[in-house]
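Q: Have a look at this one before I ask anything.
Values quoted throughout were computed directly from the atomic coordinates according to the rules given, and no laboratory measurement underlies them. What you are looking at is a predicted structure, and each value in this text was computed from that prediction instead of being measured. Note that we place each Cβ from the backbone using ideal geometry, even for glycine, and neighbour counts take in every protein chain shown.
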Amino acid sequence: MTTLPNEEQHLEEMATDIVRVDNCPVTFFDLSWEDVIIPKILSKLTLKELFTLRCCSQTTKRLVECALEKLIEIDFAGNNSANIDLTFKVLGENCKRLENLQLARCNWMTDDLLLPILERNKHLKIVNLNECVNITPLALQPIIIECKDLRVLKLSKCQWLTTGAVDALTLHQSNLEEFDISHCTAIGERCLIIFFRKLNKLTVLSLANTLSVTDQVLIQIAKYCRALEHINLVGCAAISDFGIQALTKNCTQLKSLMVQRCDLVTERSLGPLRGKLHIDRPAEMQLQLYDFRQNNNHIFLQV
């Protein structure tokens, strides 16, 4: 039997079973990695536990890396702990079957860290990069061109998102079901009008505080995104009752409408919708504003 380093020999001895075949000890590592150890044991461990096991020996390092190849989901959302970037680099070198990548609010994320994992995982279905402020449109290239199974893309508060990147999405991604570009100020109205013509499978859309969203954009959404169920338009100050009426007339499956801080949207469009779908703005708010104006007019007439 090949001589092993001390720590690996110790691990082998601990795993040795009493059964011997041809005078050779049968160890834990002789079990099928693909059929037993990885699916039945390692799949129950957390990512932290896997990395702890990975540090034990060369054998466990190889074992864990085989397990990482089969990983389907990575959720680092909001994780900005020390050395997390080194952990992610290891994942980028080994993961090949990812479908769900959650990286929201990862301040340490850069193009150099993100590109390798995107290039190795072309079957991603969900990518969440909300508030990842230190990457550039370059990091989106593998997602846009290679990830044909992509269904959910979240880019809220990504100020680096450009019109060019959205134009590229228009060309390559037409199967999106959920899309979030809230607080993305660099995207123009024309770009959005063209983009939404391709998204007839969209069910969830967030455009909160995107100032380029106008009634014309809502008309395009109403015309082409008829499967829409949830839309967030909070802070879209340029939209009015006209756009809301067009949207709700054609998007018959709509279940929720968020329009707080949309001052041009009134009860004229919202009133008929109440009781049919969830609206984040209570009717009282608009009625109080109406009463205030009526009282002021009455006072003015008396004077």
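Q: Grab the beta carbon distance between T59 and S174, set R0 = 51 Å, and tell me the FRET efficiency rounded to 0.05.
A: For T59 and S174, the calculated efficiency is 0.65.
Q: With +1 on each Lys and Arg Cβ and -1 on each Asp and Glu Cβ, and nothing else charged, work out how big the dipole of the chain is about its Cα centre, in Debye to the nearest 20. Present the calculation step by step, with values, prior to reporting the outcome.
A: Working: 33 positive and 36 negative charges, 281 e Å.
With Lys and Arg at +1 and Asp and Glu at -1, about 1340 debye.
Q: Explain nothing, just the number: relative contact order of the chain, from Cα pairs under 8 Å at least 6 residues apart, as a whole percent. Show your work: numbers first, answer last.
A: Details: 548 pairs, mean separation 24.4, N = 303.
For the chain, the relative contact order is 8 percent.
Q: In a Gaussian network model over the chain where Cα atoms closer than 10 Å are linked, find which of L45, L114, L103 has the largest mean-square fluctuation.
A: Judging by the Gaussian network model, the answer is L45.
Q: So, with +1 on the Cβ of K and R and -1 on the Cβ of D and E, and no other charges, what is the size of the charge dipole of segment 64-125 about its Cα centre, to the nearest 20 debye?
A: For this selection, approximately 200 debye.
Q: Here's a follow-up. Label A77 and K255 with points 7 Å out from Cα along Cα→Cβ: what is the distance between them in nm?
A: 1.7 nm
Q: By average Cβ neighbour count within 10 Å, what is the ranking of 260-270, 50-60 from highest down?
A: 260-270, 50-60
Q: If each DSSP helix of 4+ residues adds -39,500 (n - 2.57) and the sum is divided by the residues in the chain, what number results at 222 nm, nearest 500 deg cm²/dmol?
A: One gets -11500 deg cm²/dmol as the mean residue ellipticity at 222 nm.
Q: Now, a different point. Hey, which of these cross-link pairs are over 32 Å Cα-Cα: K44/K198; K122/K198; K122/K249; K122/K201; K89/K223?
A: K44/K198; K122/K249; K89/K223
Q: Now for a separate question. Which of the listed residues, L150, I187, M109, is farthest toward the dipole's positive end in the chain, when Lys, Arg count +1 and Asp, Glu count -1 at the beta-carbon?
A: It is I187.
Q: Let me ask another. Over the chain, with a Gaussian network built from C-alpha contacts below 10 Å, which listed residue (I221, I41, I279) shows the highest mean-square fluctuation?
A: Greatest mean-square fluctuation among the candidates belongs to I41.
Q: Now a separate question. Whole-Hz Karplus ³J(HN,Hα) for segment 108-114, in order, using 6.51 cos²θ - 1.76 cosθ + 1.60 and θ = phi - 60°, x for Gly and Pro?
A: Coupling constants for segment 108-114: 8, 5, 10, 4, 4, 7, 7 Hz.
Q: With θ set to phi - 60°, apply the Karplus curve 6.51 cos²θ - 1.76 cosθ + 1.60 along segment 92-100 and write out the HN-Hα couplings as whole Hz, x wherever there is a Gly or Pro.
A: x, 7, 10, 5, 9, 10, 5, 10, 10
Q: Still on this structure: Could you give the semi-axes, largest first, of the ellipsoid that matches the chain, computed as the square roots of 5 times the alpha carbon gyration tensor eigenvalues and rounded to whole Å?
A: Values: eigenvalues 581, 74, 61 Å².
The answer is 54, 19, 17 Å, longest axis first.
Q: Per residue of segment 43-53, what does 6.51 cos²θ - 1.76 cosθ + 1.60 with θ = phi - 60° give for ³J(HN,Hα)? Whole Hz please, x for Gly and Pro, Karplus curve as stated.
A: 5, 8, 8, 6, 4, 4, 5, 5, 6, 5, 5
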